Amino acid sequence: MRKKLGGGTGGPRALMRLGMKLGWLVLLWLSAVPLSAQGQSIDLRTRLCGTILADAAAPMTVRRATYRCGTAAPTAAAQGWLWLRLDATRLQGLQPGWRVAFDQTRFRKVALLVDTVEGSRRTVLDHQALDGHWAPGGRLFFTINQPGTAVRGLYLGFAGIDDLSLIRRLDAQPADGPGSTDAPWLWIMGLFTGTVLSALCYNLVIGPVRQRVQRQWTYRRWYVLWASLSLIYGLIWSNVAGFLAPGLVGPMAVRVDYVLVGLLIAVGNGFFFALVDEERLPAWMPRGGRLLGYAGIVAGLVASIGAPVPPVPSDRALNVLAGIATLWVGLAGMVAVWRGSRAARFYLLGWGPVIAMLLARLGRNLGLVPSSDSIDMATFSAFAFEALVLSLAIADRFERLRHERDQARTARDVERAEARAIRLSAQTDFLTGLGNRQRFQHDVTRLIASSHGFTLYLVDMDYLKQVNDRLGHAGGDALLRQVGRMLADVAEEQGGFAARIGGDEFALLLRDDMMTGPALDQVQGGTWHFAEERGVISLSIGSARFPEDADTPDLLYQNADLALYKAKRLGRGRHQSYHPLLRVDRRAQAALANDAEAALQNGEFRLFLQPIVDLASRRVEGHEALLRWQHPIYGLMAPSQFETVLTNSTVAPRIQAWVLESALAHLRDANGSIGRLGVNFTSLQLAEPGAARRVLDRLAHHGVAPGLLCVEVTESVMLDRGAEAVVQTLHELSAAGIKLALDDFGTGFASLIHLRRLPIDTIKIDRSFTAGVVEDDQGAAAIIHAIVSLGDDLGKAVVAEGVETEAQAVALRALGCRLGQGYLYGMPRAAAAA
């Protein structure tokens, strides 16, 4: 497993090991070898005495004031000046040009009073005018041009200082000391700056060029923030930024440093928990890291402002918080490494020296460890080392993500290839070999997008029902196949496209510059034959042109359908082109919707049942509930005759509610004698908020067990608007024990995807496959066999719809199908009679 995860990361890993060794050697050298200049400096904090005087105190007043020493010495002055009397007796060996150096802190003014044999000299500096008095290493200084032997008294004064305890170093440096003190700091900060900038460039330029990973910015933004803040903090804290911005030293540098430390705490935590997979950590660890980050920002701002918390407590709090955050990240890193995180291993290798040096610096800041330049130098060396290692860690992380991305891309390619194959089969009508409705919709959209003119012909076979009644569905299917072949020939000759988009409905898409009329005339009135029977083909045709009649797929289809309806009303066997006056026929649909309102009140709707049987024993296993409308004018109508009513958002929900109520009442009254009852549901029913709860409430009201109800849906329900709500409702119904059936399986798009998304219990094979199973249609038989095998493997029942002949039943049993439904076993009957 480790070898697999490490694939392709040998380069970053080797560089990391080399950088780690060099980093530890540098840190050990800086920590162990004292700086020569520091060793020659004279510590002036020993025997320190102080007093508080007024702002205008004269040199004589400063010299003659009463000073308190040791623990009694004052450390701050709310008003006036805090003067420190330094031990001048220790300056005897200093040559002219020596200097008094001290850590920079916040103050309004600072002054140095030098009392020599030649007289007194006082130098006063404002906190905004420190040019020429700062040095690398975060220090301020005064230069004295008299030898140490000439100094009789030495006094350092501050106005508005935070607290003397925040000045951790106060010493006298020999004349040859400054050069040797500045040089190591310039060398260290040059190394620090170069390393961090190199790591940033690698991360921002080379890394993205080599490894294009979509998620890389999540990690890089934290790294860029952390490395940039570290670089800015190092340059400002060490006063190296003063070479570019002379005002960014002294008190101003201290204020900015506090803010940067708080931001470093936050960004360091954010970077770590973004780099490491959070699933490898307990949930409380990332939350704790975020809280520490927020606390760091607040503590940094409070320390920078110096209010409402006094300077010393806020400084101590920020230091302690930095230590806790450092240890927190270290602990989280160890937990992540223990749980197998590669990114955490890289992180800890870079973080180890930083943890050590930050803890040493914390001890120094809290007065637990003697102050030393080596600690600060080693700290910034550790920061540089960490920037390098973490840059490599991100490179390693990106490499893993790239590998995962490639694997995901390969999986997507395979899935797309499978989807294309499924889509291709899903776009074919297996009875006629033409495209189906899905393919038709795709081609209409494509032609409209091309902006070329074309005509849509909707072709409806007349009298197909009579053919089915007289010759059975085998005869009707033979007629459908023959008409399909003839229309396919027309489409091929004209460079168009033919599809079967319904039971007896075809569609032709033909270019306007083709002579289509004569070609269609050859189909219209042609002869067909089946066994000993012969007949004349009668087609009702409606057409609409793009873009003259409509410029959208839906409107084009609606207009062609209006023309088709007109052709049927005129006596069938004719072609009708669209005309705007045909829109008047919409009134009939509106009237039908009004009739539906009255039908609900008058009880004109009926519930019919059709049995679902065991193909071997013919034992009834259950029923499907079918809606019928006993219209006072049009007679008994199937749902296909009032489809527009069932999609009307006003009346359809009430009709659907009536169907559910009637079905549940019949289940209750049948007391289990009819088995499970399948009820067709529409997207309007299932997409409404609380749909599942309403169904369950009605079950409870009628006292019907959930397992006796089967909710039947077609794929179109999952493709309508509100599909996500439909899926959620179906999951809730299944969880309550209600069975789910996927109707017309295999005729829509991505049926297998719906099987994966939904807890389907029953697959209902579309009747078009059943019809082709005995017509030497190997494709239909193979598909049925595949669906049955799929159902067996997934533990789902499979029902073949449209079983009309004994030959079909025998063939289905041979293919392993156990259940069937169709006219062979019973016509739909009124629920009471059933």
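Sort through Thr143, Thr193 and tell me the only one that's buried (at least 16 other Cβ atoms within 10 Å of the Cβ), polar (S, T, N, Q) and modelled with pLDDT under 90. The match here is Thr193. Among the residues in the stretch 141-149, are any closer than 16 Å to Arg168 by Cα and part of a strand (DSSP E or B)? Checked the stretch 141-149: at least one residue is closer than 16 Å to Arg168 by Cα and part of a strand (DSSP E or B).
Within the span defined as the stretch 651-660, every residue fails to be surrounded by fewer than 12 Cβ atoms within 10 Å (Cβ to Cβ) and either touching a residue at least 12 places away in the same chain (Cβ under 8 Å) or not assigned by TED's automatic domain parsing to the domain that holds Ala560 (or both). Within the stretch 66-105, no residue satisfies the criterion of being touching a Ser or Thr at 6+ places or on another chain (Cβ under 7 Å) and free of Cβ contacts under 8 Å to residues at least 12 places away in the same chain.
When restricted to residues that are in contact with a Lys or Arg (Cβ under 6 Å, 6 or more places away or on another chain) and not in a loop (DSSP other than H, G, I, E, B), the stretch 762-809 contains 3. Taking each residue of the stretch 663-679 that is under 16 Å from Ala741 (Cα atoms) and looking for partners that are part of a helix (DSSP H, G or I) with beta-carbon atoms closer than 6 Å, six or more apart or interchain, yields Arg676/Leu708; Leu677/Ala663; Leu677/Leu667; Val679/Ala663.
Every residue, every condition in (1) closer than 20 Å to Gly603 by Cα; (2) in contact with a strand residue (DSSP E or B) (Cβ under 8 Å, 6 or more places away or on another chain); (3) modelled with pLDDT under 90, yes or no:
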| site | (1), (2), (3) |
| --- | --- |
| Pro639 | yes, yes, yes |
| Pro653 | yes, no, yes |
| Gly672 | no, no, yes |
| Arg693 | no, no, no |
| Leu696 | no, no, no |
| Cys710 | no, yes, no |
| Val717 | no, no, yes |
| Ser734 | no, yes, no |
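Of all residues in the stretch 156-174, those being among the hydrophobic types (A, V, I, L, M, F, W, C), surrounded by fewer than 21 Cβ atoms within 10 Å (Cβ to Cβ) and under 14 Å from Arg108 (Cβ atoms) number 1.
Return the only residue of Val536, Val467 being on the phi < 0 side of the Ramachandran plot, modelled with pLDDT under 85 and crowded, with 18+ Cβ neighbours inside 10 Å. Give the steps one after another, and end with the answer.
Numbers: Val536 fails: crowded, with 18+ Cβ neighbours inside 10 Å.
Exactly one of Val536, Val467 is on the phi < 0 side of the Ramachandran plot, modelled with pLDDT under 85 and crowded, with 18+ Cβ neighbours inside 10 Å, namely Val467.
In the set (1) in contact with a strand residue (DSSP E or B) (Cβ under 8 Å, 6 or more places away or on another chain); (2) loosely packed, with under 15 Cβ neighbours inside 10 Å; (3) closer than 25 Å to Gly707 by Cα, Val613 fails one condition alone, (2).
Screening the stretch 801-834 for residues that are within 27 Å of Phe605 (Cα to Cα) and charged (D, E, K, R) and picking the one that is surrounded by the fewest Cβ atoms within 10 Å (Cβ to Cβ) gives Arg829.
So for the stretch 96-105 (the condition being under 25 Å from His127 (Cα atoms), surrounded by 15 or more Cβ atoms within 10 Å (Cβ to Cβ) and of a type in the set (D, E, K, R)), does at least one residue qualify?
Here is the first cut: in the stretch 96-105, the ones under 25 Å from His127 (Cα atoms) are 97-105.
Keeping just the survivors that are surrounded by 15 or more Cβ atoms within 10 Å (Cβ to Cβ) gives 97-105.
Adding the requirement that they be of a type in the set (D, E, K, R) leaves 99, 103.
Taking every residue of the stretch 96-105 in turn, at least one turns out to be under 25 Å from His127 (Cα atoms), surrounded by 15 or more Cβ atoms within 10 Å (Cβ to Cβ) and of a type in the set (D, E, K, R).
Please determine whether any residue of the stretch 355-366 is modelled with pLDDT of 70 or more and under 21 Å from Ala274 (Cα atoms). No, the conditions are met nowhere in the stretch 355-366. Val124 falls short on exactly one of the conditions (1) farther than 18 Å from Gln92 by Cβ; (2) without any contact (Cβ under 8 Å) to a residue 60 or more places away in the chain; (3) crowded, with 18+ Cβ neighbours inside 10 Å, and that condition is (3). Here Leu112 passes the criteria (1) surrounded by 17 or more Cβ atoms within 10 Å (Cβ to Cβ); (2) part of a loop (DSSP other than H, G, I, E, B); (3) of a type outside the set (Val, Ile, Thr) except the one numbered (2). Of everything listed in (1) surrounded by fewer than 18 Cβ atoms within 10 Å (Cβ to Cβ); (2) closer than 24 Å to Lys764 by Cα; (3) under 43 Å from the mean Cα position of the chain (by Cα), the single unmet condition for Glu688 is (2).
May I ask you to list the residues in the stretch 147-164 that are touching a Phe, Trp or Tyr at 6+ places or on another chain (Cβ under 9 Å) and farther than 23 Å from Ala77 by Cα? Working first, answer last.
Residues of the stretch 147-164 that are touching a Phe, Trp or Tyr at 6+ places or on another chain (Cβ under 9 Å), as a first pass: 147-148, 155-162, 164.
Across the stretch 147-164, the qualifying residues are Pro147, Gly148.
For Glu621, the criteria (1) surrounded by 12 or more Cβ atoms within 10 Å (Cβ to Cβ); (2) over 30 Å from Leu824 (Cβ atoms); (3) in contact (Cβ under 8 Å) with a residue 60 or more places away in the chain hold in every case but one, which is (2).
The values are calculated or read from the model by the stated rules, or taken from the named source; none is laboratory data. None of the values given here were measured: they were computed from a predicted structure. Backbone-built Cβ (ideal geometry, glycine too); neighbour counts: all protein chains shown.
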